[in-house]
Amino acid sequence: IYDHHICTLFVTFFFFFKQKTAYEISACLVGSEMCIRDREDVTIDKNITLDLGGKTLTNNGAGKATITIAEGATATVKNGSVVGGTSYYNIQNNGTATFEGLTATAGNTGSSMIDNVGTLTITSGEYTGGLDTIKNEPNAKLTVDGGTFTLTKGTSDGFTGVIFNYGELTINGGTFIQ
């Protein structure tokens, strides 16, 4: 239902492919459904809730995040798994995002699993791997209310951490394992 006077959009997602590859959200609205096309990654550039419904998004390529939330977009991503690629962030937030009940795993140890440039709230889920599990960039805001965060790559050759913080960080809950 979209009412431009109220500015409310309710979107239901359906996965049309059985492949466990990542998807790109295209702007093909049909009533209250948004089509998801088979692609290498997911770029969210709208204000939406992406309920993965227990599905897994897997990035099979290099050089792109599995999920990117664009600057100016507001997204809640929940109830599924997100697996990173071989040489880039698994999830990159440039907008405003909330993660609920995700299981996110880095595909490499050369970059952070989550890169936050915008405003990110994590309420629950399991987040594992990367050079840093979460990198909170300068001027970014990160709030952790819950979840389990595990860094699997420790290094003595430089800086790394479960949360590598340059910005504003608020921790209200969660479990952190390094």
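The sole residue among Thr150, Thr175 that is open to solvent by less than 40 Å² (accessible area, probe 1.4 Å) and hydroxyl-bearing (Ser, Thr, Tyr) is Thr150. With respect to Asp115, is the statement that it is more than 18 Å from Gly80 (Cα to Cα), open to solvent by less than 20 Å² (accessible area, probe 1.4 Å), among the acidic types (Asp, Glu) and not in a loop (DSSP other than H, G, I, E, B) true? Yes: the conditions hold for Asp115.
The lone criterion from (1) part of a strand (DSSP E or B); (2) in contact (Cβ under 8 Å) with a residue 40 or more places away in the chain; (3) within 13 Å of the chain's Cα centre (by Cα) left unmet by Glu100 is number (2). Here Tyr88 does not fit the description of being free of Cβ contacts under 8 Å to residues at least 40 places away in the same chain, buried (at least 24 other Cβ atoms within 10 Å of the Cβ), under 16 Å from the mean Cα position of the chain (by Cα) and closer than 18 Å to Leu57 by Cβ.
Within the range 44-75, the set of residues being closer than 14 Å to Gly118 by Cβ and surrounded by 18 or more Cβ atoms within 10 Å (Cβ to Cβ) comprises Ile44, Ala65, Ile67, Thr68, Ile69, Ala73, Ala75.
For Asp145, the conditions (1) open to solvent by 60 Å² or more (accessible area, probe 1.4 Å); (2) out of contact with any Gly (no Cβ under 6 Å at 6 or more places or on another chain) all hold with the exception of (2).
Listed here are the residues, each with its yes/no results for (1) closer than 11 Å to Thr66 by Cα; (2) open to solvent by 40 Å² or more (accessible area, probe 1.4 Å).
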position: Gly95; (1), (2): no, no
position: Phe99; (1), (2): no, no
position: Thr103; (1), (2): no, yes
position: Ala106; (1), (2): yes, no
position: Gly110; (1), (2): no, yes
position: Leu120; (1), (2): no, no
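The values are calculated or read from the model by the stated rules, or taken from the named source; none is laboratory data. Model, not experiment: these values are computed from the prediction. Cβ sites come from the backbone with ideal geometry, for glycine too, and all protein chains shown count toward neighbours. Calculation scope for accessible area: heavy atoms of the full protein, side chains included, ligands and nucleic acids excluded. Shrake-Rupley method; radii C 1.70, N 1.55, O 1.52, S 1.80 Å.
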